[in-house]
Amino acid sequence: MVNWVEAQKPLLHFLVKKAGLRQQTVEIEPGTVMSFWVPKEKYDKKKNPSKEVVVPEGRSNESHFNTNGDKKKDKKKGEKKEKPAVVLVHGFAAEGIVTWQFQVGSLTSQYAVYVPDLLFFGGSATGSADRSPEFQAQCLLAALGRLGVERFTAVGFSYGGMVAFKMAEMRPDLVHSLVVSGSVVTMTDSISGETLNRLGFSSSAELLLPESVKGLKALLSVATHKKLWFPDRLHKDYLKVMFNNRKERKELLEGLLNSNKDAKVPVLSQRILLLWGEKDNIFNMDLARNAKEKQNQLQKPIATGGEGDAARHKESWPPCSPGEALCL
């Protein structure tokens, strides 16, 4: 029987290729790979642009990963100027290109767009037992280095926002600016507990890793503002395609939590633009205001006209002035 969610992927991939992206797998170390959609100009048919194996160790900002890429070559006269790089980091409910399919076509004319799959999403995987957002950030920085990305703006949604914040903390020389929607800098016991109690769920896994059509409908009911009807068959197909690697993803959720007493909010030097839904049920506006207070260089949180946590369509994003982090 045809899985209708899986069946639409070839069409989506065709449209993404028409927008100028190509799929690339980057090996970070033996057993750890990340899948990307990259600009076709950067696509390497050999699939492994660097032979160097980078071994993740420690949590140092200097990182044992090679995140710098190759040195810049002198530009020839008349050579076309490179577009600024933008890295779109997805949330927990879907892989990268599914999450950002509505933004890619609008961005590729002005930006070199990179769309990764985080570990245990899409084609990305690791043999490491580390499930922390720090490890996700280290792997993503290493992969971008392999792809030759030397400076970029990170755009993170939900779980991807937390990974983006970690990248900015680890490598301020690489992360030029941040655009974050529906996320927090650090997921603490109190934030998690208050959110789950308010939504009526016993755990993050119950909310974000549904096992039944009923569970998926409950997730969609709190993650979207406008309620859309889909047949149960489509919900079943989505569960089969988008919620694999359940054991590892549950461990990723457990790796997110920090106790209140141990939680440290870094002071980030980058320009940060927060995009928020006024009626975001998961990460409400109070969390955005709290983040702004703790990071006095943040832009004022922007309400996107009553959207939910899952709304990321470009038409809901506000116009930007030259002083803002990134005009999307």
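The values are calculated or read from the model by the stated rules, or taken from the named source; none is laboratory data. As the structure is a prediction and not an experimental result, all values here were calculated from the model. Here the Cβ is made from the backbone with ideal geometry for all residues, glycine too, and neighbour counts use every protein chain on show. Accessible surface areas use protein heavy atoms only, side chains included; no ligands, DNA or RNA. Shrake-Rupley method; radii C 1.70, N 1.55, O 1.52, S 1.80 Å.
Label positions at Lys17 and Trp4, each projected 7 Å from the Cα along the C-beta direction, are separated by 2.5 nm. Label sites at Asp232 and Ser203, each approximated as a point 7 angstrom past Cα along Cα to Cβ, lie 2.6 nm apart.
Counting only protein heavy atoms and using a 1.4 Å probe, the accessible area of Arg146 comes to about 20 Å².
Taken over the Cα atoms of the stretch 108-206, the convex hull encloses 132 Å³ per residue.
Please list His13, His225 from largest to smallest accessible area, probe radius 1.4 Å, with all protein chains kept in place.
Accessible-area ranking of His13, His225, largest first: His225, His13.
Pairs from the table (Lys214/Lys236; Lys166/Lys292; Lys17/Lys226; Lys9/Lys217; Lys166/Lys240; Lys42/Lys83) lying more than 19 angstrom apart at Cα are Lys17/Lys226; Lys9/Lys217; Lys166/Lys240.
As I understand it, the dipole of the stretch 143-206 uses +1 on the Cβ of Lys and Arg and -1 on the Cβ of Asp and Glu, about the Cα centre. Which of Pro172, Val185, Gly200 lies farthest toward its positive end? Towards the positive end, the residue furthest out is Pro172. Here the stretch 108-174 is assigned +1 on the Cβ of each Lys and Arg and -1 on the Cβ of each Asp and Glu. Its dipole about the Cα centre then comes out at about 60 debye.
Translational diffusion of the stretch 161-244 was estimated from the Stokes-Einstein equation, with Rh taken as the Kirkwood radius over Cα pairs; at 10 °C and 1.306 mPa s the coefficient is 105 µm²/s. Measuring nothing but protein heavy atoms, the accessible surface of the stretch 184-283 at 1.4 Å probe radius is 55 percent carbon and sulfur.
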